[in-house]
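Peer 1: Below: one structure in structure tokens.
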Amino acid sequence: AQSVTQLDSQVPVFEEAPVELRCNYSSSVSVYLFWYVQYPNQGLQLLLKYLSGSTLVKGINGFEAEFNKSQTSFHLRKPSVHISDTAEYFCAVSDPNNAGNMLTFGGGTRLMVKP
Amino acid sequence: EPEVTQTPSHQVTQMGQEVILRCVPISNHLYFYWYRQILGQKVEFLVSFYNNEISEKSEIFDDQFSVERPDGSNFTLKIRSTKLEDSAMYFCASSWGMNTEAFFGQGTRLTVV
């Protein structure tokens, strides 16, 4: 079984400051990793994904994440946030060999960018 | 840009009633999913559907739930006899292949009273 832990339920940060949203996972098999963003009253949108290859993954809107296998982490970072980045961020994992292609989500982190 | 469309955006139903949540996946996608998020909790997988059959389902997806692709475009989730604890946001998603990006709809908020 897989599980995902997002340690911070809320992260307040000032505009133009850097931010890191933490994600740790637990799995007995290799995994694919994802970050999704949910803006108010909208669905989930993929920010970035790690399937294989380079452990540093760049996504949309200036976000990036680094896969660290030894620490079973996939933290999301942005060097300078904007007010428009205020949203809920979800980390998720999937098993590449799972026929159902299901995603297991973390509890989410609410990023609140203040002016 | 193609998107997953869900209707209605909000549905209120009485306990014990049947409800059908509707989704139109992206047209060339082959895999379809339902997830739900109870208020304040994690997004949870319910079921995946491929080649006109369920490929995987979670423990949540019991006999009260069913899915159907009645025609070439719609994908529905039916809850036979709703309970209060079925109140949640239900997300439909689709992807074109295994381990490819899942595109999510905006969700249907189901409120059981």
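Peer 1: Taking the stated definitions as given, is B:PHE75 within 14 Å of another protein chain (Cβ to nearest Cβ) and surrounded by 14 or more Cβ atoms within 10 Å (Cβ to Cβ)?
Peer 2: Values: within 14 Å of another protein chain (Cβ to nearest Cβ): no; surrounded by 14 or more Cβ atoms within 10 Å (Cβ to Cβ): yes.
No.
Peer 1: Something else about it: Got at least one residue in the stretch B:7-22 being under 17 Å from A:MET102 (Cα atoms) and surrounded by 12 or more Cβ atoms within 10 Å (Cβ to Cβ)? Spell out how you get there, then give the answer.
Peer 2: Step one: filter the stretch B:7-22 for residues under 17 Å from A:MET102 (Cα atoms), giving none.
Checked against the condition, which is being under 17 Å from A:MET102 (Cα atoms) and surrounded by 12 or more Cβ atoms within 10 Å (Cβ to Cβ), the stretch B:7-22 yields no hits at all.
Peer 1: OK, next. For the subset of the stretch A:87-106 comprising residues that are touching a residue at least 40 places away in the same chain (Cβ under 8 Å) and more than 11 Å from the chain's Cα centre (by Cα), which member is nearest to B:SER48 (Cα to Cα)?
Peer 2: At the first step, the residues of the stretch A:87-106 found to be touching a residue at least 40 places away in the same chain (Cβ under 8 Å) are A:87-97, A:103-106.
Still in the list and also more than 11 Å from the chain's Cα centre (by Cα): A:87, A:94-97, A:103-104.
Numbers: A:ALA87: 27, A:SER94: 13, A:ASP95: 14, A:PRO96: 15, A:ASN97: 14, A:LEU103: 10, A:THR104: 13 Å.
For the stretch A:87-106, the residue satisfying everything is A:LEU103.
Peer 1: Of all residues in the stretch A:80-93, which are more than 7 Å from chain B (Cβ to nearest Cβ) and in a strand (DSSP E or B)? Reasoning before the result, please.
Peer 2: Filtering the stretch A:80-93 for residues more than 7 Å from chain B (Cβ to nearest Cβ) gives A:80-89, A:91-93.
Within the stretch A:80-93, A:ALA87, A:GLU88, A:TYR89, A:CYS91, A:ALA92, A:VAL93 qualify.
Peer 1: Might you let me know whether the stretch B:93-106 holds any residue that is crowded, with 21+ Cβ neighbours inside 10 Å and closer than 23 Å to B:GLY16 by Cβ?
Peer 2: No: the stretch B:93-106 contains no residue that is crowded, with 21+ Cβ neighbours inside 10 Å and closer than 23 Å to B:GLY16 by Cβ.
Peer 1: Among the residues that make up the stretch B:21-34, is at least one of them touching a helix residue (DSSP H, G or I) at 6+ places or on another chain (Cβ under 7 Å), more than 14 Å from chain A (Cβ to nearest Cβ) and in a strand (DSSP E or B)?
Peer 2: Within the stretch B:21-34, not a single residue is touching a helix residue (DSSP H, G or I) at 6+ places or on another chain (Cβ under 7 Å), more than 14 Å from chain A (Cβ to nearest Cβ) and in a strand (DSSP E or B).
Peer 1: Within the stretch A:1-52, count every residue that is in a strand (DSSP E or B) and either closer than 13 Å to A:PHE105 by Cα or not hydroxyl-bearing (Ser, Thr, Tyr) (or both). So that I can check it myself, show each step before the final result.
Peer 2: As a first pass, look at the stretch A:1-52 and keep what is in a strand (DSSP E or B): A:3-5, A:10-14, A:19-21, A:24-26, A:32-38, A:44-50.
Adding the requirement that they be either closer than 13 Å to A:PHE105 by Cα or not hydroxyl-bearing (Ser, Thr, Tyr) (or both) leaves A:3-5, A:10-14, A:19-21, A:24-26, A:32-38, A:44-49.
So the answer is 27.
Peer 1: Mind checking whether some residue in the stretch B:36-59 is surrounded by fewer than 19 Cβ atoms within 10 Å (Cβ to Cβ), part of a strand (DSSP E or B) and in contact (Cβ under 8 Å) with a residue 60 or more places away in the chain?
Peer 2: no
Peer 1: Which members of the stretch A:49-67 meet the condition of being over 16 Å from B:ALA102 (Cβ atoms) and either at pLDDT 95 or above or of a type in the set (A, V, I, L, M, F, W, C) (or both)?
Peer 2: Taking the stretch A:49-67 as the starting set, the residues that turn out to be over 16 Å from B:ALA102 (Cβ atoms) are A:52-58, A:61-67.
Of everything in the stretch A:49-67, those that are over 16 Å from B:ALA102 (Cβ atoms) and either at pLDDT 95 or above or of a type in the set (A, V, I, L, M, F, W, C) (or both) turn out to be A:LEU56, A:VAL57, A:LYS58, A:GLY62, A:PHE63, A:GLU64, A:ALA65, A:GLU66, A:PHE67.
Peer 1: A further question follows. One residue is enough: does the stretch A:32-51 have a residue meeting the conditions over 29 Å from B:THR5 (Cα atoms), buried (at least 16 other Cβ atoms within 10 Å of the Cβ) and within 14 Å of chain B (Cβ to nearest Cβ)? Outline the logic, then answer.
Peer 2: Here is the first cut: in the stretch A:32-51, the residues over 29 Å from B:THR5 (Cα atoms) are none.
No, that holds for no residue.
Peer 1: Among the aliphatic types (A, V, I, L, M) and touching a Pro at 6+ places or on another chain (Cβ under 8 Å): which single residue out of A:ILE83, A:ILE60 fits that description? First the steps, then the outcome.
Peer 2: Values: A:ILE60 fails: touching a Pro at 6+ places or on another chain (Cβ under 8 Å).
The match here is A:ILE83.
Peer 1: Quick check on my filter: what residues within the stretch A:53-85 are surrounded by fewer than 17 Cβ atoms within 10 Å (Cβ to Cβ), of a type outside the set (Gly, Ala, Ser), closer than 17 Å to A:ARG110 by Cα and touching a residue at least 40 places away in the same chain (Cβ under 8 Å)?
Peer 2: Passing the criteria: A:ARG77, A:HIS82, A:ILE83.
The values are calculated or read from the model by the stated rules, or taken from the named source; none is laboratory data. Quick caveat, the model's predicted, so the values are computed rather than measured. Every residue, glycine as well, gets a Cβ built from its backbone with ideal geometry; the counts of neighbours run over all protein chains shown.
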